[in-house]
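Read the structure below first, then the notes.
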Amino acid sequence: MRKLVYYVGVSIDGYIAGPDGSFDFFPLGEDLAGWIGANLPETLPTHARAHFGVGNAANKRFDTVVMGLGTYRPALDAGIASPYGHLRQYVVSSTLGGIADPAVELVGRDPVALVRALKAEESPFDVWLAGGGTLAAAVLPEIDELVIKSYPIVVGDGISAFTGAFGPTAFTPAHRETFASGSTVTHYART
């Protein structure tokens, strides 16, 4: 069975985006950008892959992405209906009327059922949960691993990494990488 992995960037105070959904304030140093390109090139949007020097690099960890509307919205606002054309894409939303690109599947039903079905598929790749915080909280019982990019910045307000009911869930740090830019990437396994 494959894993659901929540791979996301967070501020020191636990926010994945500002109150308006913006995330351009995260300081992406060259060292972290290089790590992403070398280790998880498929997590870079299709239209930005050439800029990061990964072009048509093969997927290394994920073949599927699940995201909420808040994570998908910046692509839509930029006129991009299929931001991760190199992955199977699912957008979980009960308010979005439709998606113009058939490569992106709109899921208005229970996200837990979607995740369970994806995890049960035979594949050498895992499933990437890209955000946002409400979706992450809704599928928390199904998250097998966290890969957290921590940026050395305090935001003060915004969208939390998990937005839902109180429910402490233990994860164990498995591996951490520290970059000269002050950012870290920590892998956590479900305890």
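Mind listing whichever residues of the stretch 137-183 are under 16 Å from the mean Cα position of the chain (by Cα) and β-branched (Val, Ile, Thr)? Of everything in the stretch 137-183, those that are under 16 Å from the mean Cα position of the chain (by Cα) and β-branched (Val, Ile, Thr) turn out to be Val139, Ile143, Val147, Ile148, Ile159, Thr163.
Suppose the filter is in contact (Cβ under 8 Å) with a residue 40 or more places away in the chain and among the β-branched types (Val, Ile, Thr); does Val104 pass it? No: the conditions fail for Val104.
Conditions (1) hydroxyl-bearing (Ser, Thr, Tyr); (2) surrounded by 18 or more Cβ atoms within 10 Å (Cβ to Cβ), marked per residue:
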residue	(1), (2)
Thr71	yes, yes
Leu76	no, no
Ala81	no, no
Leu87	no, yes
Val91	no, yes
Pro111	no, yes
Ala130	no, yes
Ile148	no, yes
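Taking every residue in the stretch 1-23 that is in contact (Cβ under 8 Å) with a residue 60 or more places away in the chain and pairing it with any residue that is among the polar types (S, T, N, Q) and surrounded by fewer than 17 Cβ atoms within 10 Å (Cβ to Cβ), at least 6 positions away or on another chain, the pairs with Cβ-Cβ distances below 9 Å are Arg2/Ser123.
Residues checked against (1) in contact with a strand residue (DSSP E or B) (Cβ under 8 Å, 6 or more places away or on another chain); (2) closer than 15 Å to Gly21 by Cβ:
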| position | (1), (2) |
| --- | --- |
| Pro74 | no, yes |
| Pro83 | yes, yes |
| His86 | no, no |
| Tyr90 | yes, no |
| Ser93 | yes, yes |
| Ile99 | yes, no |
| Val104 | yes, no |
| Pro111 | yes, no |
| Arg116 | no, no |
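Determine if the stretch 139-153 includes at least one residue that is hydroxyl-bearing (Ser, Thr, Tyr), in a loop (DSSP other than H, G, I, E, B) and at pLDDT 95 or above. Scanning the stretch 139-153 turns up at least one residue that is hydroxyl-bearing (Ser, Thr, Tyr), in a loop (DSSP other than H, G, I, E, B) and at pLDDT 95 or above.
Surrounded by 14 or more Cβ atoms within 10 Å (Cβ to Cβ), of a type in the set (A, V, I, L, M) and closer than 18 Å to Thr71 by Cα, is that true of Val10? For Val10, the condition - surrounded by 14 or more Cβ atoms within 10 Å (Cβ to Cβ), of a type in the set (A, V, I, L, M) and closer than 18 Å to Thr71 by Cα - is met. Going by the conditions given, is His51 over 17 Å from Val147 (Cβ atoms), surrounded by fewer than 16 Cβ atoms within 10 Å (Cβ to Cβ) and free of Cβ contacts under 8 Å to residues at least 24 places away in the same chain? Yes: the conditions hold for His51. Number of residues in the stretch 154-191 that are part of a loop (DSSP other than H, G, I, E, B), closer than 23 Å to Val127 by Cα and aromatic (Phe, Trp, Tyr): the value is 1. Which residues, counting only those in the stretch 15-37, are among the small types (Gly, Ala, Ser), part of a loop (DSSP other than H, G, I, E, B) and within 15 Å of the chain's Cα centre (by Cα)? Result: Gly21, Ser22.
The values are calculated or read from the model by the stated rules, or taken from the named source; none is laboratory data. Not measured: the values here are computed from a predicted model. Here Cβ is always computed from backbone atoms with ideal geometry, including for glycine, and neighbour counts include all displayed protein chains.
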